[in-house]
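What follows is a short report on a single structure.
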Amino acid sequence: MRAAIAIALCLACLTSAEVYFKEKFDDASWEKRWTPSEWKSDAGLGDWKLTSGDWFVDEANDQGIQTTTDMKNHAISAALEKPFSNRGKDLVVQFSVKHEKREYSFCGGGYIKLLPKMDPKNFGGDTPYSIMFGPDMCGYDVSRIHLIFTDANGKNLLKNDEIKLDYADKNEFTHVYTLVVKPDNTYEVFFDQTSKASGSIVDGWDFPKKEHDDPSDKKPADWVDEKEIDDPEDKKPDGYDDTPKQIADPEATKPDDWSDEDDGEWEAPMIDNPEFKGEWKVKRIENPAYKGEWKAKQIANPEYKDDVYAFDDISHVGFELWTVNNGSIFDNIVVCDDLEYAKSFAEKTWKKTSEGEKAAKEAWDKAQKPEEEEKKEEEKKDEDKKEEL
């Protein structure tokens, strides 16, 4: 009885979450919700397709939208049923990515954007956004989780230090990325439900500070900010420079086969003089006139916001990516106000996939071998025919 009550209470907690957006790409109806961009009509954009990829655990569960073209921009977005503000409450963003064709040379972004009201057809690199979050990978040298916030002036602020991915995390399997932003101006980032980074947003990004230098405050002309000066009483000793830096090697002797007539007058090689005192430098002393480091007077910064976590008009989610290599599959997106709900969503979707993907990939690799061997045999036959001709 108690267990049943506990389960009921737990479910009640989960359903109390406010879910702003959720997408599982279960079927072809996704095309009604998502709008491909026409932003680069001249150069063309890569297409998106619904697929579970070449290998999968559960074909229906593992479906997502995949980038299809190398060396292309891919841009697509979906409108929320209604815009929302996260002011005064948590904001949780979560989605999964499978870089299925990841090799050493793989290079491409995998981040999602939360955006204010915009034109989906013109959604592109210059479209203002509120948050950009997700993996950014290129080979095995540049691999990180991007997290960019946009300040009140529309400036995109990159995190001051990178959220690094471990070597073992850089593979072709599906991973889930979770961001939590809190009203106390803190954040936390999870990779596969394990915390990767957390802390203060104000400290981690260059948001406008509460106070800044008074532009009208100038350093006085007579301000002395030189901490040390040459000692006016320190003088170079007489004869200090009389000792040469190098001298002829006193132990060197003229070789027996040396001919002054043929080789010229013999001179001993030069060596460092052990008695050389080095370049003389005047002693430095504290400057009695030193006033300290000058700093401008601090005044209130009109651009300062004490609630940098808050975004008042989030109405779209979107992917806007440059992909050197195609094949990234995005799935199981949720935007809500409850981390526990997001965790539960990941358990029902990503968890099952993650536990079986390695075996699925190995089975797929094994199934490809006969085809690869047959292809090699055909290629060899073609080469043999060319040689006969």
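Where a number appears in this text, it was derived from the coordinates with a stated rule and is not lab data. Small disclaimer: the values here were computed from a predicted structure and weren't measured. Glycine gets a Cβ as well: all are built from the backbone with ideal geometry, and neighbour counts include every protein chain shown.
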task = Over the residues of segment 258-389, compute the C-alpha Rg and express it relative to 2.2 N^0.38 Å.
result = 2.73
request  = Please give the per residue volume of the convex hull enclosing the alpha carbon atoms of segment 41-140, rounded to a whole number of Å³.
outcome  = 149
remark   = Expressed in nanometres to one decimal, the distance between label points 7 Å along Cα→Cβ at Lys236 and Asp151 is 5.1
task = State the extension gain, in nm to one decimal, for the chain segment bounded by Glu31 and Asp203, taking 0.36 nm per residue of separation less the distance between their alpha-carbons.
result = 57.9 nm
Set Lys89/Lys209; Lys117/Lys305; Lys155/Lys297; Lys82/Lys182; Lys22/Lys369 screened for pairs whose C-alpha atoms are more than 31 Å apart = Lys22/Lys369
inquiry  = With the crude spin-label approximation of a point 7 Å out along Cα→Cβ, what separation in nm comes out for Glu267 versus Glu347?
reply    = 8.7
message = Charges on Cβ only, +1 for Lys and Arg, -1 for Asp and Glu, centred on the Cα centroid of segment 151-199; of Asn156, Ala197, Val176, which one is farthest towards the dipole's positive end?
response = Asn156
inquiry  = Straight-line reach only, C-alpha to C-alpha below 17 angstrom: list the aspartates and glutamates that Lys227 could link to, leaving out same-chain residues fewer than 8 apart.
reply    = Glu286, Glu293
query = Thr243 to Tyr290: extension gain in nm, 0.36 nm per residue of separation minus the Cα-Cα distance?
reply = 13.2 nm
Positive-end residue, the chain charge dipole about Cα centroid, Cβ charges, pick of Pro250, Gly239, Ala28 = Ala28
task = Give me the distance between the Cα centres of segment 211-261 and segment 120-182, rounded to whole Å.
result = 51
inquiry  = For a quick check of your reading of the filter: which trypsin sites (Lys or Arg not before Pro) in segment 301-366 sit in a DSSP loop and have no more than 16 other Cβ atoms within 10 Å?
reply    = Lys305
remark   = Candidates Ile329, Ile299, Ile247; GNM for the chain (alpha-carbon contacts under 10 Å) flags as most fluctuating Ile247
inquiry  = Need one word for segment 307-369: rounded, prolate or oblate. Basis is the Cα gyration tensor (sqrt eigenvalues a ≥ b ≥ c); a/c below 1.5 gives rounded, then a/b vs b/c decides.
reply    = oblate
key: FRET E, pair Lys82, Asn160, Förster distance 35 Å, beta-carbon r, rounded to 0.05   = 0.55
ask   = What is the log10 of I(q)/I(0) for the chain, computed with the Debye formula using one identical point scatterer on each Cα and no solvent, at q = 0.11, 0.14 Å⁻¹?
value = -0.86, -1.26
key: Proxy reagent accessibility, fewest Cβ within 10 Å first, across Trp55, Trp294   = Trp294, Trp55
message = Compute, for the chain, the length of the dipole vector about the Cα centre, with Cβ point charges of +1 (Lys, Arg) and -1 (Asp, Glu) only. Units Debye, rounded to 20.
response = 3520
inquiry  = For segment 14-66 and segment 280-305, what is the centre-to-centre distance using only Cα atoms, to the nearest Å?
reply    = 56
inquiry  = If a paramagnetic tag sat 7 Å from the Cα of Lys227 along the Cα-Cβ line, which residues of segment 281-308 would have the backbone N under 16 Å from that point?
reply    = 284-295
inquiry  = On a full-extension model of 0.36 nm per residue, what is the gain between Gln193 and Glu172, subtracting their alpha-carbon distance, rounded to one decimal in nm?
reply    = 5.8 nm
message = Positive end of the dipole of the chain, charges at C-beta (+1 Lys, Arg; -1 Asp, Glu), about the Cα centre: which of Met270, Thr67, Val224 has its Cα farthest in that direction?
response = Thr67
task = Please give the calculated 222 nm ellipticity per residue for the chain, where each DSSP H segment of at least 4 residues contributes -39500 (n - 2.57) and the sum is spread over every residue; nearest 500 deg cm²/dmol?
result = -6000 deg cm²/dmol
key: Residue with peak Gaussian network fluctuation, the chain [Cα springs, cutoff 10 Å], from Tyr304, Tyr177, Tyr111   = Tyr304
